[in-house]
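Worksheet: the structure to be examined is printed underneath.
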Amino acid sequence: MAGIIGYGAYIPRNRIRVEEIAKVWGADAPSFKKGLMLEEKSVPSPDQDTITMAVEGSKRALKRAGIDPREIGAVYVGSESHPYAVKPSGTVLAEAIGATPDVHTADLEFACKAGTEGMFIALNLVRSGAVKYALAVGADTSQGAPGDALEYSAAAGAAAFLFGKERLVAEVLETYSYTTDMPDFWRREYQYYPQHGGRFTGEPAYFAHVTGAARGIMDRAGMKPADFRYVVFHQPNGKFPLRVGEMLGFSKKQIEPGWLVSKLGNTYSGSSPLGLTATLDIAAAGDMILLVSYGSGAGSDSFVIRVTERIDEVRDLAPRTRKLLDTNKVYLEYGAYAKYRRKIRKAE
Amino acid sequence: MRDVAIIGVGMTKWGELWEKSLRTIFTETALLAIADAGVDKIDSMVVGCMSSGLFVGQEHLSSLLADYLGRTPVAAARVESACSSGGLALRQGFIEVASGMSDVVLVGGVEKMTDVTGCEATYALGTAADQEYEGYHGLTFPGLYAMMAVAHMHRYGTTREQLALVAVKNHDNGSRNPLAQFPFKITVEGVLNSVLVADPLRILDCSPITDGAAAVVLCPADMARKMKKPVVRITGSGQATDTIALASRKDLTWLESTHIAAQKALAMAGRKVDEIDLFEVHDCFTIAEIMVTEALGLVEKGRGGRAVEEGLTARGGRFPVNPSGGLKAKGHPVGATGVAQAIEVVKQLRGEAGDRQVKGARRGLTQNMGGTGGSSLVHVFEAE
Amino acid sequence: MPTPSRYWREIPQRYRMEAGKCKACGFVAFPPRVVCPACGAREFVPAKLADGGKILTYTIIRVPPRPFEDQAPYAVGIAELDDGVKLTAQVVDCDFADLKVGLRVRLEFRKLSEEGEAGIIYYGYKFVPE
């Protein structure tokens, strides 16, 4: 059986509140807070990017896994904000954790599901016996255009998962992906900010794919919502994951531990993976977890996960995700946020 | 080895010399030194310059400056040891004359620092630190000395006011030096209220960015006596190195290279430090002067702050330090500083220091330092 | 613009804190050296620096050199790592008021600077409070 042998989360300490953004654009903060259930989001410092967060998240995953990084045979970084357009993030990560040179590396991009995409590939490489251990990271420092609805949610964070066949923290019992071509959200080459289809991103996009993947994997596994202790959905805002849970027959209690978005924002490729880390932090041996990501374009990857006894040994070898989310925070004003995110035009 | 004397000195007003290029600044001072020496020919010239490449994009100064001085094909060398390049030039000139290789050697120092922006100048100066393991992390020289200050304050209780008093003292001296870049007095309050550069150091703790040059002429002491010139001999020359990375030092509060260079120079001169009448030292930052007074042995370790508070290093004190105004008030064109220190001592020993004359001065010492003390040069001078 | 080779060759130090430990006297050289500055020996074994330590001294850079213009003010410190090696790096995620001698820090992977908008990105270690 292959599965997760270590996991790690990373969240920058900076936050900006919805009110602070709304104030600048003359928008109605209460409607964002109530309608989208967003309160604040994480913001990377100027010295943090997808690579640095991936490295720190991966170091934490390594601490929990307790393996020799030289035995990692594959490293995948899923992100839509790779610092280089050409030159991999994965090579920096592999080098920083000491996995080079006997390692396969690739950068992945699939809007918000590039993280689970890496997890899917890493898991299956381990399953096939091609590599002993594989590392997959979902990390993003995404940008929403100033004043756009996405600016209230586009956040920064990373989650890393090490896969192997021994020392399992969680077994992966089933995987399933649901994919169609869907122009709901995109960013053309050389463009700084993405564009999206507004309300079109809801029913035919997020909801159709997440329910498609969730129902598909439950069918294959012969399971129903009540069989899971926890469920983690992609969290582009607070409302969508709760609503899709309701549509599928999951309770708020099953969703709540991994529902980070109101205080974290949408960390894109890190979103559902970070929800999974927060869920593992509090899970008990034997707990079943359903993970369903969503990436515009569009697709959902789903995983049925069973937690093992080893969770109790490893969860406190690195900081818990809720602690990263709730402590050591610094609130930015829009000016500092705009500077950090390079939204201010400077002299050449 | 032959006894070596300084028979000519030349220096012009320092500051932001917008109209003048590096080559012009150097040539003017060199001509003054040659005229003061009253020599027709020079056998060789040695020029200290830290970073003409980064400051004005010009290397190969040896020949350029010989050419503009109208002295080709004279033998010429440019030497570099960061902010102690001038001191190093003096030592090389001294060795050349003492060895008998040359009789008359022109020793100069020059830096033209205002042709680049402040950020670029900070970068250029920063190249005297370990570029890969200090500069890479955004460290600057004020930052490095600030870290020495924090360590010194933490360990010895040196106070913020004591640091300020160094600047106040040196500006008081510098107010009597017409060639100084900032010939005016400042107050402790003024220092404490000036803008922060690298905590706890403020702008008035820092030596400035300066354009300037200085030159001296060396010859065998016997020749000087025959010329009936006032003879100031270089009786000791000491040089030492240390790690340039501050973190690699055993003690962040101690300037070992200065300590060793001073011991060597004093031993060569056959003098003890308390036989010296005045000191020109490398106060690139206020904390530097405090640490230098300790390394030279003027005070015990950790007592440098108290020494300035007690007036020990004032012009009329037991050990007058920086009667010229130091780097702080006189200015710090980095490659020229070590040579200008020698000029001040020569003027003092000749009794030509005007308002800032240390009475009855017969022996002087200069201490010139590169980086955070990665290199130090100490010279001892005596009047005949 | 420097060629990337200069950055590339320091990667083992900047990313993984690789040092050299003198076989003869145990001195830990960071970065690794050819000659041991403590005893003069020339044989080293690879070593990895401790990832935590305490601040020995610090400052806040308010007048930065290029290319750090947009980062100022930023804190820099020298820490003594738990293996005794002294290391210089920026101190981040730390309110300036909390900087003090003795502060416990650990090393974190961060972006140091970059070669303009189009050049390479320089990564490395910084201190963050534990």
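The values are calculated or read from the model by the stated rules, or taken from the named source; none is laboratory data. Owing to the predicted nature of the structure, the values given are computational and were not obtained by experimental measurement. Using ideal geometry, Cβ is built from the backbone for each residue, glycine included, and neighbour counts are taken over all protein chains shown.
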Test result for A:D312, out of contact with any helix residue (DSSP H, G or I) (no Cβ under 9 Å at 6 or more places or on another chain), more than 14 Å from chain C (Cβ to nearest Cβ) and either surrounded by fewer than 24 Cβ atoms within 10 Å (Cβ to Cβ) or part of a helix (DSSP H, G or I) (or both):
yes
Within the bounds of the range A:321-341, is there any residue that is outside the structural domain of A:G245 (by TED's automatic domain parsing), hydroxyl-bearing (S, T, Y) and in a strand (DSSP E or B)?
yes
Condition met for B:A262 (more than 14 Å from chain C (Cβ to nearest Cβ) and in contact with a strand residue (DSSP E or B) (Cβ under 6 Å, 6 or more places away or on another chain)):
yes
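Can you name the residue in the range B:211-229 that is surrounded by fewer than 24 Cβ atoms within 10 Å (Cβ to Cβ) and not hydrophobic (A, V, I, L, M, F, W, C) and, of all such residues, is nearest to B:I34 (Cα to Cα)?
Filtering the range B:211-229 for residues surrounded by fewer than 24 Cβ atoms within 10 Å (Cβ to Cβ) gives B:220-223, B:225-229.
So of that shortlist, the ones also not hydrophobic (A, V, I, L, M, F, W, C) come out as B:220, B:222, B:225-226, B:228-229.
On the way: B:P220: 15, B:D222: 18, B:R225: 17, B:K226: 17, B:K228: 16, B:K229: 13 Å.
Top of the filtered list is B:K229.
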Please state which of the following conditions B:F285 fails to meet, knowing it meets all the rest: (1) touching a His at 6+ places or on another chain (Cβ under 8 Å); (2) surrounded by 21 or more Cβ atoms within 10 Å (Cβ to Cβ); (3) of a type outside the set (A, V, I, L, M).
(1)
Are any residues in the range B:238-271 of a type outside the set (G, A, S) and closer than 11 Å to B:V380 by Cβ, and if so, which ones?
B:K264, B:L266, B:M268, B:R271
Given the options A:P225, A:P236, name the one that is surrounded by fewer than 19 Cβ atoms within 10 Å (Cβ to Cβ) and at pLDDT 95 or above.
A:P225
Hey, could you check the range C:67-76 for residues that are surrounded by 21 or more Cβ atoms within 10 Å (Cβ to Cβ) and closer than 17 Å to C:A97 by Cβ and say which is farthest from the other protein chains (Cβ to nearest Cβ)?
C:A75
Return the residues of the range B:107-124 that are touching a residue at least 24 places away in the same chain (Cβ under 8 Å), crowded, with 19+ Cβ neighbours inside 10 Å and over 16 Å from B:L22 (Cβ atoms); say none if nothing qualifies.
B:V107, B:Y123
Out of curiosity, is A:A96 under 16 Å from the mean Cα position of the chain (by Cα) and not acidic (D, E)?
no
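Quick grid of which residues meet (1) of a type in the set (D, E, K, R); (2) within 17 Å of B:E280 (Cα to Cα); (3) assigned by TED's automatic domain parsing to the domain that holds B:V97; (4) touching a strand residue (DSSP E or B) at 6+ places or on another chain (Cβ under 6 Å):
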{"residue": "B:R155", "(1), (2), (3), (4)": "yes, no, no, no"}
{"residue": "B:K185", "(1), (2), (3), (4)": "yes, no, no, no"}
{"residue": "B:V188", "(1), (2), (3), (4)": "no, no, no, no"}
{"residue": "B:Q239", "(1), (2), (3), (4)": "no, yes, no, yes"}
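Determine, yes or no, whether C:F109 is part of a strand (DSSP E or B), of a type in the set (F, W, Y), facing another protein chain (nearest Cβ under 9 Å) and within 16 Å of the chain's Cα centre (by Cα).
Numbers: part of a strand (DSSP E or B): yes; of a type in the set (F, W, Y): yes; facing another protein chain (nearest Cβ under 9 Å): yes; within 16 Å of the chain's Cα centre (by Cα): yes.
Here the answer is yes, as C:F109 does meet what is asked.
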Members of the range A:58-91 that are touching a helix residue (DSSP H, G or I) at 6+ places or on another chain (Cβ under 8 Å) and either among the hydroxyl-bearing types (S, T, Y) or closer than 17 Å to A:T141 by Cβ (or both)
A:S58, A:Y76, A:V77, A:G78, A:S79, A:E80, A:S81, A:H82, A:P83, A:S89
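For C:L49, are the conditions met, namely being under 16 Å from the mean Cα position of the chain (by Cα), over 15 Å from B:Y145 (Cβ atoms), facing chain B (nearest Cβ under 9 Å) and modelled with pLDDT of 95 or more?
On the way: under 16 Å from the mean Cα position of the chain (by Cα): yes; over 15 Å from B:Y145 (Cβ atoms): yes; facing chain B (nearest Cβ under 9 Å): no; modelled with pLDDT of 95 or more: yes.
So C:L49 does not fit the description; no.
Within the range C:55-66, is even one residue under 23 Å from B:G135 (Cβ atoms), more than 8 Å from chain B (Cβ to nearest Cβ) and surrounded by fewer than 20 Cβ atoms within 10 Å (Cβ to Cβ)?
no
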Residues of the range A:4-34 being more than 22 Å from the chain's Cα centre (by Cα) and of a type in the set (G, A, S), which ones?
A:A22, A:G26, A:A27, A:A29, A:S31
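Identify all residues within the range A:284-309 that are within 16 Å of A:L173 (Cβ to Cβ), part of a loop (DSSP other than H, G, I, E, B) and either basic (K, R) or under 18 Å from the mean Cα position of the chain (by Cα) (or both); write none if there are none.
Selection gives nothing.
Residue by residue, here is whether (1) assigned to a helix (DSSP H, G or I); (2) out of contact with any Ser or Thr (no Cβ under 6 Å at 6 or more places or on another chain); (3) farther than 18 Å from B:V116 by Cα holds:
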residue: B:E19; (1), (2), (3): no, yes, no
residue: B:A30; (1), (2), (3): yes, yes, yes
residue: B:F55; (1), (2), (3): yes, yes, no
residue: B:R71; (1), (2), (3): no, yes, yes
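Taking B:V321, is it outside the structural domain of B:S84 (by TED's automatic domain parsing), under 21 Å from the mean Cα position of the chain (by Cα) and surrounded by fewer than 24 Cβ atoms within 10 Å (Cβ to Cβ)? Explain how you work it out, then say what you get.
Values: outside the structural domain of B:S84 (by TED's automatic domain parsing): yes; under 21 Å from the mean Cα position of the chain (by Cα): yes; surrounded by fewer than 24 Cβ atoms within 10 Å (Cβ to Cβ): no.
No.
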Cβ-Cβ below 6 Å, separation at least six or inter-chain, first residue in the range B:1-17 and touching a residue at least 12 places away in the same chain (Cβ under 8 Å) and part of a strand (DSSP E or B), second among the polar types (S, T, N, Q) and crowded, with 24+ Cβ neighbours inside 10 Å: which pairs?
B:G10/B:T29; B:M11/B:T29; B:G15/B:Q181
Which residue is surrounded by the most Cβ atoms within 10 Å (Cβ to Cβ), if the candidates are limited to the range B:32-53 and must be more than 20 Å from the chain's Cα centre (by Cα) and part of a loop (DSSP other than H, G, I, E, B)?
B:I42
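Which ones in the range B:175-213 are among the hydrophobic types (A, V, I, L, M, F, W, C), away from chain C (no Cβ under 14 Å) and in contact with a Pro (Cβ under 8 Å, 6 or more places away or on another chain)?
Correct list: B:F182, B:A213.
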Quick check on the range A:217-240. Is at least one of its residues part of a helix (DSSP H, G or I), in contact (Cβ under 8 Å) with a residue 40 or more places away in the chain and within 25 Å of A:K33 (Cα to Cα)?
yes
If you go through the range B:360-370 one residue at a time, do you hit one that is under 19 Å from B:S85 (Cβ atoms), out of contact with any Gly (no Cβ under 8 Å at 6 or more places or on another chain), touching a residue at least 12 places away in the same chain (Cβ under 8 Å) and part of a helix (DSSP H, G or I)?
no
A careful count of residues in the range B:163-200 that are surrounded by fewer than 20 Cβ atoms within 10 Å (Cβ to Cβ) and either of a type in the set (D, E) or more than 21 Å from the chain's Cα centre (by Cα) (or both) gives 11
Working only within the range A:22-53, note down all residues that are part of a helix (DSSP H, G or I), of a type in the set (A, V, I, L, M, F, W, C) and surrounded by fewer than 24 Cβ atoms within 10 Å (Cβ to Cβ).
A:A22, A:V24, A:W25, A:A29, A:F32
